[in-house]
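S.K.: Would you mind keeping the following structure in view while I ask a few things?
Since every read-out is calculated from the coordinates, none of them should be taken as a lab result. Since we're looking at a predicted model, the values are computed, not measured. As a convention, Cβ positions derive from the backbone with ideal geometry for all residues, glycine included, and neighbour counts pool all protein chains shown.
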Amino acid sequence: MLPLPVVEAAPATVPHESASRSGRSARPANHRGPRLPPWLKRPLPRGNGNNFTHNLLQDLRLETVCENARCPNRPECWAQRTATFMILGNVCTRPCSFCSVPKGTPQSVDEDEPERLAEACVRLGLRHVVITSVTRDDLPDGGAEHFVRCLEAVRRRLPHATLEVLTPDFQGHVAAIDRVIAARPHVFNHNLETVPRLYRVARGRAEYRRSLALLARVKEKDPAIFTKAGLMLGLGETLDEVLEVFADLRSIGCDIVTLGQYLAPTLHHSLPVARYLPPEEFDSIAQLARLLGFRHVVAGPFVRSSYHAAEMLPAHSA
């Protein structure tokens with residue numbers, strides 16, 4: 001098959017344009033490539049839900065991937081009083097070039113975090129809870145036990161809520177992976193992020209086969225848990241490469257796949273966008289994924305693995 005066409009690399013965040021003396025917007029001198037396409041622009045939501053969520057998270061001293069990863073869906077999700085919780089601090093031990101989460105030496109584990117997280121879920125009235133984390137290669141178990149404690153705390157307070165984890169790879173340590181599996185989240189998500197050829201430039205110390213092995217392990221240990229993986233598009237991948245990833249995921253029984261546009265978190269981010277895919281191209285690629293047998297496929301420029309996550313559960317799919 002033909003590769004996805006590539007255009008000149010360009011940052012995909014909303015341009016931080018400076019006003020010229022004439023009063024018209026002007027691009028910064030170092031801005032490369034086309035402006036943000038129209039399908040990646042949308043109005044901000046109205047109402048006070050955004051402030052409610054923001055204040056609640058501050059009050060309970062909780063981190064979210066919404067803020068730390070500069071997710072473009074944050075205003076919409078927070079306005080609907082939902083968020084994706086990021087546990088184990090906001091400093092990551094992996095230098096992935098696509099991500100804006102701070103890198104460095106993390107602080108010690110906050111033992112009170114599970115209860116504060118559960119309290120937030122109650123106050124927000126969540127029926128589906130998504131818990132992710134920074135990668136903690138500094139911890140012997142990669143933070144697996146803390147994931148379990150958070151799941152247990154939420155389950156005690158909201159016994160009827162569905163639970164989803166979006167975990168790092170735990171460096172492939174089977175005991176850590178099995179510990180989270182044993183806590184029985186309804187959905188076990190681990191993002192592949194991109195195609196194998198681009199791992200070195202995009203994912204630092206991550207390994208494609210190690211990530212596949214994690215998802216395979218979940219299905220092997222507990223087939224009742226839905227497995228899920230996400231890909232960013234627009235990094236220079238080809239359609240053949242994307243289809244090969246789909247085939248790999250289906251070979252290990254992955255249930256759900258999400259496809260979204262990579263958006264560089266800042267104008268000067270080290271990993272630029274190679275291409276903006278239009279919505280209709282996401283639709284076409286999603287249809288190819290469905291033909292391979294995934295139970296649920298969600299694709300679009302603003303799709304993220306935890307965006308409208310409750311609607312991605314196979315029980316909710318048509």
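S.K.: Report the per residue volume, in Å³, of the convex hull enclosing the C-alpha atoms of region 70-184.
M.R.: Given the Cα convex hull of region 70-184, per-residue volume reads 99 Å³.
S.K.: Let me ask something else. Using C-alpha positions alone, give me the convex hull volume of region 44-316 per residue in cubic angstrom.
M.R.: Considering the Cα atoms of region 44-316, their hull volume per residue is 123 Å³.
S.K.: Residue separation times 0.36 nm, minus the C-alpha to C-alpha distance between His186 and Arg42: what's the value?
M.R.: Values: separation 144, 0.36 × 144 = 51.84 nm, distance 3.20 nm.
Going from the current span to full extension adds 48.6 nm.
S.K.: In whole percent, what relative contact order does region 180-262 give with Cα contacts below 8 Å and a gap of six or more residues? Please list the in-between numbers first.
M.R.: Details: 112 pairs, mean separation 30.5, N = 83.
Relative contact order of region 180-262: 37 percent.
S.K.: Can you give the local net charge around Ala206? Use residues other than it whose beta-carbon is closer than 9 angstrom to its beta-carbon, Lys and Arg +1, Asp and Glu -1. If you can, show how the numbers build up before the last one.
M.R.: Values: positive: Arg94, Arg203, Arg205, Arg210; negative: Asp169, Glu193, Glu207.
Every neighbour counted, the sum reads +1.
S.K.: Just want to confirm a number: the relative contact order over region 44-316, from Cα pairs under 8 angstrom separated by 6+ residues, in percent.
M.R.: Relative contact order here is 15 percent.
S.K.: Still on this structure, please answer the following. Restricting to bridges with both residues inside region 44-316, how much of the DSSP beta-bridge set is antiparallel, in percent to the nearest 5?
M.R.: Antiparallel: roughly 5 percent of the beta bridges in region 44-316.
S.K.: Can you check what the Kirkwood hydrodynamic radius comes to for region 210-318, Cα pairs only, in Å to one decimal?
M.R.: 14.6 Å
S.K.: Please state, to two decimals, what the Cα-based radius of gyration of region 146-282 comes to when divided by 2.2 N^0.38 Å (N = residues).
M.R.: In units of the 2.2 N^0.38 Å rule of thumb, it is 1.13.
S.K.: Sticking with this one: Could you give the length gained on full extension between Arg290 and Arg35, defined as 0.36 nm per residue of separation minus the Cα-Cα distance, in nm?
M.R.: Full extension of this stretch gives 88.6 nm more.
S.K.: Oh, and also: What is the projected area of the convex hull of the Cα atoms of region 61-116, averaged over all directions, in nm²?
M.R.: Directional mean of the projected Cα hull area for region 61-116 stands at 4.3 nm².
S.K.: Also: Length gain on complete extension for the stretch Glu220 to Arg81, per 0.36 nm per residue less the alpha carbon to alpha carbon distance?
M.R.: 46.5 nm
S.K.: Average projected area of the Cα convex hull of region 150-209, in nm²?
M.R.: Taking the Cα atoms of region 150-209, their convex hull projects to 4.7 nm² on average.
S.K.: In addition: I need the fraction of alpha carbon pairs in region 165-245 separated by more than 21 Å, rounded to a whole percent.
M.R.: Cα-Cα pairs in region 165-245 separated by more than 21 Å: 29 percent.
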